[in-house]
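To keep things clear, I will list the structure first and then write my remarks on it.
Where a number appears in this text, it was derived from the coordinates with a stated rule and is not lab data. What you are looking at is a predicted structure, and each value in this text was computed from that prediction instead of being measured. Because the Cβ atoms are built from the backbone with ideal geometry, glycine has one as well, and the counts that use them run over all protein chains shown.
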Amino acid sequence: MKAELPLHAPGTQLDKGYIGQSVPRPNTQRLLQGRGSFIDDLRFPRLAHVAFFRSPYAHARIKKLDFSKAIKSPGVLAVFDGPKVAEYCKPWVAVLAHLKGIKSPPQHAIAIGRACWQGEAVAAVVAESRSQAEDAVALVEAEWEELPVVVDMEEALAGKKIIHPEFTDNICFKREHDTGGVDDAFAQADLVVEDTFHFGRHTGVCLEGRAILADYNAAEHSLTVYHATQAPHMMQDIFSRHLGIPEANVRVICRDIGGSFGIKVHVYADEMATAAISVILRRPVKFVADRLESFLSDIHAREHRVKVKVGVKKTGEIVAFDLDDLTAIGPYSVYPRTSGIEGNQVVNLTGGPYKHQKYRAKMHCVFTNKNVTCQYRAVGHPIAVALTEGIVDLAAQKLGIDPALFRKINLIPDEAYPYTFPSGIKFEKLSHHQALDLLLKKMDYQALREEQKALRGKGVYRGIGLAAMIEVTNPSPAFYGVGGARISAQDGATLRLEPTGMVTVMCSVTEQGQGTEAIFHQIAASAVGVSLDKIKVITGDTGVTPYGGGTWASRGAGIGGEAVLQAGRALRSNILDIASKILSVEKAELDILNNEIVNKLTLESKLPLAELGRVAYFRPDTLPVDFQSELTVTRHYTPRQYGFTFTNGIQASLVEIDPDTGFVKLLKHWCVEDSGTVINPMLVDEQIRGGVVQGIGAALYEECLYGPDGQLLNGNMADYLVPMSGEMPDISCFHIETPTKQAQLGAKGVGEAGTAGAPGAIMNAVNDALLPLNARVTAMPFTPERILKALRKV
């Protein structure tokens, strides 16, 4: 066995950790080393583990970092600060051209000079094991100069303390929209209702933490990254551009992910640092965020203060909406999707199901010294739906109109499509009235109202809440590509008939627990004409799958599934071409059924697919000279006619309030959803139920609490509450199918519907229960403390 030449002799200064010298690299490459790093034994490219030294302050200048003790800790291989990693990893700025005026400072893989939120990484320790790296992190010593902290978003908007000195204010992005005629509409309204809603920031709490293993090969100048991400091709592009490696030399492999919900579709600084450190050390490096790190560094979402006003006629018609949304996003806009999208979605979607034509909105995204926020399951929808449905219920109450009837009066008619909403978005075909009618029937609405009235007489306070909604799915390039982001709106699928008669499906959509691979099995089997056991699905590997966007915005079935369908149909046609040559029969007389070529009319078996594969691959000499078989087909798909494929639905919640304790008991939840063609009813229902559970968390339990000094107060599973099985009501799901005509499959998205509608339905149910007690709550989550405060008991 040939011995590997060491980069340095054992026992030299470098073996113990050294600073200030350059270390020779093979093939004349050099590992630059200076005051920002210590590097130990590099002789063997074994797997290394990285842990991060994170800022204990929400805002502080880094005066000094002392690694001298950390580098001497057992198993430590290297310690890096921000400037050293920046030599290998370019910083990024998260802006989109179509979000006019959005701004953000450059962000580095490891902070340089200043930390802007508690938990921001300011140094990295690399060791032979994770535990050794963590032990050494505890030995890093730092001197800090605390800086003014901005935590409250109203204070951030006022701008008396500026977080980033290169800017003159704390505004990341602002947007205004006005159809015109709003003031006249309010003047002509018989009633104007106003309220302010507060939404607590929360996070995804994925079962599996963020994880990355980066392996740089210096000989090939290539990087292989095993990554818990939703968008492998997006990350391939980002690793390439920011680490200076040709895109073709970067391979991102993403296997099954233990939950994501949008949390893992973003660029994280510590993950970029991990990849850069692999390049520096020329060895595989692994990072897995533990639960405490996840609370501090996984993106948060949904911190909003929203003032909304609606004008109505005595007959119940809505004439105008007015919106003022303020949202806090942390100290940076998150790359590459930006942190302006959630607020932008709130502007786009507020008032969504209703037929008013006058609408005015303004929205501000402001920097604060908290963890960053970005896209999380249903992006903006829970905010827009809850504030819309909350103010609609309040208007109905003021007019003395039943909430269900009020919605019937105002929902966009089912025959009114295609339809352009006042915010400018276009709807292809929705079914609000069908959905409402089905919901009221399935929940037996009138009987529940009668039971509610009887129980109130006995001192039992139950509430019924409704929430109609629209949902963005299957996004086109209008979502990100138009703004300059290198995020693919299309997905691709390659289908290949193997010599054995198996069909291999390779698709750019990833699997994060939503069942994408299951529906690809179904679609491919149906399209080609084979049984499910003959399908093999491969996803999440940029080295194998066609280029595509991955998993986000409920696009797996509608875009990825459509690509699989089109490729499958093309493969079927190609197989029949070959069969017609082998059998000397017209193609039109043949079909594929149960893994065999059959007569189209009689269904008589003519040729097993395995035999066709054998001939096509191994005996093409038996086929006509002028004929070439093609048993590998690739197709891509992206929606074009509309910017998005909108779905619609409506949810209802039944709750009971204990006025003595403030506790909310969920009794029953209903959901009617129109997601187009339903491919797998079980998966669709469980996607909805899972989404509802996350919506329940937002409504009743989950909130990232910060102190005035920017310290996260409940960053652990003991203090951060999530809904558990004991709190779950029965969730009944029903469907209307209005297939989109933009695609042959007709599928729309469904993954975010439950999350979008549940908070609004629960809020309205809680307030309906509190109505006879003259109390109302509008700040989520609706904790016992907040309910008792509304009841004036605390």
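Put a dot 7 Å past the Cα of Lys408, heading toward its Cβ, do the same for His98, and the two dots end up 3.8 nm apart.
A DSSP coil position with no more than 14 other Cβ atoms inside 10 Å describes the following trypsin sites (Lys or Arg not before Pro) in the stretch 175-284: Arg255. The dipole here belongs to the stretch 374-504: it is taken about the Cα centre, uses +1 on the Cβ of Lys and Arg and -1 on the Cβ of Asp and Glu, and is about 400 debye. Between Ala187 and Arg792, the FRET efficiency from the beta-carbon distance, with R0 = 35 Å, is close to 0.50. Between the stretch 548-562 and the stretch 88-116, the alpha-carbon centres lie 28 Å apart. Any idea how far the Cα center of the stretch 627-673 sits from the one of the stretch 193-257, in Å? Cα centroid of the stretch 627-673 versus Cα centroid of the stretch 193-257: 25 Å apart. Between Glu604 and Lys90, the simple spin-label model (points 7 angstrom out along Cα→Cβ) gives 6.6 nm.
For Lys748, the aspartates and glutamates whose Cα comes closer than 13 Å to its Cα, not counting residues fewer than 8 places off in the same chain, are Glu428, Glu471, Glu562, Glu673, Asp674, Glu737.
Here Kirkwood radius over Cα pairs in Å was calculated from the structure, and among [x] 29.4; [y] 30.4; [z] 28.3 it sits at label [z]. Taking label positions 7 Å along the Cα-Cβ direction at both Thr196 and Asp533, the computed distance is 6.5 nm, reported to one decimal. Positive-end ranking of Asn348, Ile688, Ile650 along the dipole of the chain, with charges on Cβ about the Cα centre, is headed by Asn348. On full extension, the segment bounded by Asn217 and Asp626 gains 142.8 nm, given 0.36 nm per residue less the C-alpha separation. Centroid-to-centroid, using Cα positions, the stretch 286-303 and the stretch 716-754 are 24 Å apart.
Evaluated at q = 0.19, 0.21, 0.26 Å⁻¹, a Debye calculation over the C-alpha positions of the stretch 84-170 (equal weights, vacuum) places log10 I(q)/I(0) at -1.07, -1.18, -1.40.
Counting each DSSP H run of 4 or more residues in the chain as -39500 (n - 2.57), what helix-only mean residue ellipticity at 222 nm follows after dividing by all residues, to the nearest 500 deg cm²/dmol? If you can, show how the numbers build up before the last one.
On the way: 19 runs with 208 residues, N = 794.
Calculated mean residue ellipticity at 222 nm is -8000 deg cm²/dmol.
The magnitude of the dipole of the chain, with charges of +1 and -1 set on the Cβ of Lys/Arg and Asp/Glu and taken from the Cα centre, is near 880 debye. On a straight-distance basis, which aspartates and glutamates could pair with Lys534 in a cross-link, Cα separation under 16 angstrom, same-chain partners fewer than 8 positions away excluded? Partners found: Glu498, Glu517, Glu596, Glu611. Here's the list of lysines a cross-link from Lys174 could span, going by alpha-carbon distance under 24 Å and ignoring same-chain residues fewer than 8 apart: Lys100, Lys103, Lys160, Lys161, Lys307, Lys309, Lys358, Lys362, Lys370, Lys426.
Return the FRET efficiency for the residue pair Val482, Lys458: r is the Cβ-Cβ distance, R0 is 56 Å, and the value is rounded to the nearest 0.05.
0.45
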